[in-house]
Amino acid sequence: MSHPTRYRRPANVARGLKWLRHGAVDPELGFAWSRERTGMDGQRPGSPVPIFAVGARGLPYDVSEELWVVELFDVARTVLFPEQRAHGGEDVFDGSERRVLGLSGRLVRRVDAWSAGLAHEFAVVCALRLRERAIQALRDADDLLGSSLAPDSPAATDGDRSQVDRDLLGVELSAMQNAEYLLGMWREARAAEAYGPYRAADAFAAAAAGARVTGVLTYAAAAGDDRTERSGRNADLAFADERRWQAAWLRTKLGLEDMEPHVSGSRRGGDRSHRDPALPGALTA
């Protein structure tokens, strides 16, 4: 009498999450994922093309139409998203926020909670956070202008009024410039709405994170902070903070908050995620 064989996960495999286009098409490489092991290895002889998945903390990047739990095979390492590389790299983002690279993969199950409606909701919350920062920048400019015109302001009482006037005007203009930058980001993100809720969600999430960077750098320059390294570090941390807020929002809405990092080992099928810090970014499901 034959018995059905239970599926066993091979060694050195990561289970994670993957944004895909309609039809489970890989947005970067163009092939369709399936429940059978597939990938780009063999497409370019002698140079296998890696594919990637993410952990739940890497969800805000490259949002697309479908979200799947996937398995990656021949897992090699984690790599930074391009945006992460531009904003502090490994000094700011740990392995659970990066991409996990493998040479092939398969679909496990679709995350049905991700829909056009939820994508629209995510776009709206990111847009509101971006709008609030633009409004705050205008409030800052207005407050600074009011301070410079008040009778008891330094500009009215200081002996070197012209210098104080110039300083306040510089800060005020910087606040207005920041608002202008943010409104430009808003307009660009709004343009993505023409391509549907998924593109809008990705665009507003990126804009909200970019707004944090713009604010930090603009106000640092206005304050005459010539410590470029420090202000740049603060901008990187602000970018990461916004992306982490987005990841937490998505995890909660999608019911993924209980997923934990896991990578199966390459020897004896053991779990080596506790021993190899380069491979912490996959998820058990």
Could you please find all residues in segment 192-248 being polar (S, T, N, Q), at pLDDT 80 or above and either in contact with a Phe, Trp or Tyr (Cβ under 9 Å, 6 or more places away or on another chain) or closer than 30 Å to GLU66 by Cα (or both)? THR214, GLN246
Please specify each residue of segment 10-33 satisfying the condition of being under 17 Å from ARG98 (Cα atoms) and free of Cβ contacts under 8 Å to residues at least 24 places away in the same chain. GLU28
Could you check how many residues of segment 68-100 are surrounded by fewer than 24 Cβ atoms within 10 Å (Cβ to Cβ), of a type in the set (A, V, I, L, M, F, W, C) and in contact with a strand residue (DSSP E or B) (Cβ under 7 Å, 6 or more places away or on another chain)? 6
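Yes or no, residue by residue, for (1) modelled with pLDDT of 90 or more; (2) over 17 Å from VAL108 (Cβ atoms); (3) not in a strand (DSSP E or B):
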residue: MET1; (1), (2), (3): no, yes, yes
residue: LEU20; (1), (2), (3): yes, no, no
residue: ARG35; (1), (2), (3): yes, no, yes
residue: ASP41; (1), (2), (3): no, yes, yes
residue: SER47; (1), (2), (3): no, yes, yes
residue: LEU67; (1), (2), (3): yes, no, no
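The values are calculated or read from the model by the stated rules, or taken from the named source; none is laboratory data. Note that the structure is a prediction, hence the values are computed from the model and not measured. Positions of Cβ are backbone-derived with ideal geometry, glycine not excepted, and every protein chain shown enters the neighbour counts.
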